[in-house]
Amino acid sequence: MSTEPRITDSHCHLDFPDFEGRMEEVIASAAAAGVHRMVTICTKLRNEPQVRAIAEAHAPVFYAAGTHPMSAASEPLVAVEDLIALARHPKFVGIGETGLDYHYTGDSAEVQQQSLRTHIDAARETGLPLIIHARDADEDMARILAQEHAQGAYSCVMHCFSSGAALARTAVDLGFYLSMSGITAFPKSQELRDIFAASPLDRILVETDAPYLAPPPHRGKRNEPAFTAFTARRAAETFGMDYAEFAAQTEANFDRLFEKAAAWQETGPDV
């Protein structure tokens with residue numbers, strides 16, 4: 001059993017080909033680094049059965065599902081009822097990832113926004129947290145999140161947050177969480193670290209977004225859940241904290257947001 005402080009990789013993609021045939025190794029490496037839980041994210045609903053199977057086969061793994069904004073125009077538009085049905089699974093703990101991405105797919109902005117609102121409806125109905133991807137769409141993202149929250153509260157995490165300070169403030173003001181990925185450990189990411197340092201500590205999560213965005217010293221290589229520990233150690237420095245103390249805080253934050261995962265961990269799969 002690892003003596004490392006326990007942390008959770010709140011966002012990874014274990015169904016991607018990078019991890020094929022390596023799942024036992026990946027989970028064991030994560031455990032050795034103190035990463036005792038992970039949430040694997042389904043980005044296209046047609047892949048949900050494979051993602052669900054990973055969560056069912058491995059006790060430390062939970063999952064979420066939605067339509068990634070970059071796929072919103074090429075995938076069937078999801079229905080609220082479909083997401084609600086998926087959410088009945090005991091290890092299904094979040095709605096998404098969804099959101100807005102205008103970097104490469106700005107031409108599908110309208111359908112992305114429609115898909116996002118559908119996912120928000122499902123988050124409201126299920127009580128599960130919304131998992132947001134935002135890139136080059138800060139203004140629209142802030143507007144929609146605030147508009148929808150005014151119509152009915154929901155919980156949310158801004159996954160792999162790397163947007164501007166204004167969107168961070170909007171998210172925090174709405175009661176949402178910000179997640180630190182490997183980007184926050186890159187040497188040239190001081191501006192982003194400053195945004196996090198100005199945010200409430202009780203709204204911070206950590207993640208990998210594996211297999212992408214590996215933090216130093218693995219930058220440029222395949223990312224995996226074990227590397228959450230490198231991001232978290234750098235994040236502890238950002239907040240001027242002892243690593244064990246920071247790890248304990250992010251665990252408390254994760255449990256508060258992902259209540260279903262916390263309950264499963266405490267009492268087992270019959271919850």
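The values are calculated or read from the model by the stated rules, or taken from the named source; none is laboratory data. Keep in mind the model is a prediction, meaning the values are calculated, not measured. When we count neighbours, we look across all protein chains shown, and the Cβ atoms used for this are built from the backbone with ideal geometry, even at glycine. In case anyone asks, the SASA skips ligands and DNA or RNA and just uses the protein heavy atoms, side chains included. Shrake-Rupley method; radii C 1.70, N 1.55, O 1.52, S 1.80 Å.
Would you check which residues across segment 122-132 are within 18 Å of the chain's Cα centre (by Cα) and open to solvent by 30 Å² or more (accessible area, probe 1.4 Å) and list them?
Listed by number, the residues that qualify are Arg124, Thr126, Gly127.
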key: Hits in segment 88-119 (condition: open to solvent by 30 Å² or more (accessible area, probe 1.4 Å), part of a loop (DSSP other than H, G, I, E, B) and closer than 25 Å to Lys260 by Cα)   = Arg88, His89, Pro90
task = Would you please list the contacts, defined by Cβ atoms under 6 Å and residues six or more apart or on different chains, that run from a residue in segment 16-43 that is in contact (Cβ under 8 Å) with a residue 24 or more places away in the chain to a residue that is of a type in the set (Ser, Thr, Tyr) and part of a helix (DSSP H, G or I)?
result = Val35/Thr228
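Every residue in segment 120-139 that is in a helix (DSSP H, G or I), touching a helix residue (DSSP H, G or I) at 6+ places or on another chain (Cβ under 7 Å) and within 25 Å of Glu81 (Cα to Cα), please.
The answer is Ile120, Asp121, Ala122, Glu125, Thr126.
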request  = Name every residue in segment 57-82 that is without any contact (Cβ under 8 Å) to a residue 40 or more places away in the chain and either at positive phi or touching a Lys or Arg at 6+ places or on another chain (Cβ under 7 Å) (or both), in order of residue number.
outcome  = Pro60, Tyr63, Ser71, Glu75
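Sort out which residues of segment 1-38 are in a loop (DSSP other than H, G, I, E, B) and either open to solvent by less than 50 Å² (accessible area, probe 1.4 Å) or closer than 11 Å to Tyr63 by Cα (or both), and write them in order of number.
Ser2, Pro5, His13, Leu14, Asp15, Phe16, Arg22, Ala33, Gly34
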task = Give segment 151-166 a look and list any residue that's farther than 14 Å from Ala137 by Cα, over 18 Å from the mean Cα position of the chain (by Cα) and outside any loop (DSSP other than H, G, I, E, B), or say none.
result = Gln151
Only listed residue being over 16 Å from His11 (Cβ atoms), in contact with a strand residue (DSSP E or B) (Cβ under 7 Å, 6 or more places away or on another chain) and not aromatic (Phe, Trp, Tyr), chosen from Met180, Met141 = Met141
ask   = When you scan segment 65-79, how many residues do you find that are more than 25 Å from Arg256 (Cβ to Cβ) and either open to solvent by less than 30 Å² (accessible area, probe 1.4 Å) or polar (S, T, N, Q) (or both)?
value = 8
remark   = Of the residues in segment 39-64 that are touching a Ser or Thr at 6+ places or on another chain (Cβ under 7 Å) and outside any helix (DSSP H, G or I), the one that is most open to solvent (accessible area, probe 1.4 Å) is Lys44
task = Output the residues belonging to segment 145-154 that are in contact with a helix residue (DSSP H, G or I) (Cβ under 6 Å, 6 or more places away or on another chain) and either under 14 Å from Ile131 (Cα atoms) or modelled with pLDDT under 95 (or both).
result = Tyr154
inquiry  = For segment 167-271, give me every one of the helices (runs of 4 or more DSSP H) that falls completely inside it and has 1 or more residues that are open to solvent by 10 Å² or more (accessible area, probe 1.4 Å), in contact (Cβ under 8 Å) with a residue 12 or more places away in the chain and touching a helix residue (DSSP H, G or I) at 6+ places or on another chain (Cβ under 7 Å).
reply    = 190-197, 228-238, 243-257
ask   = Based on what the data block shows, is Ala85 modelled with pLDDT of 95 or more, assigned to a helix (DSSP H, G or I) and more than 24 Å from Ser179 (Cα to Cα)?
value = yes
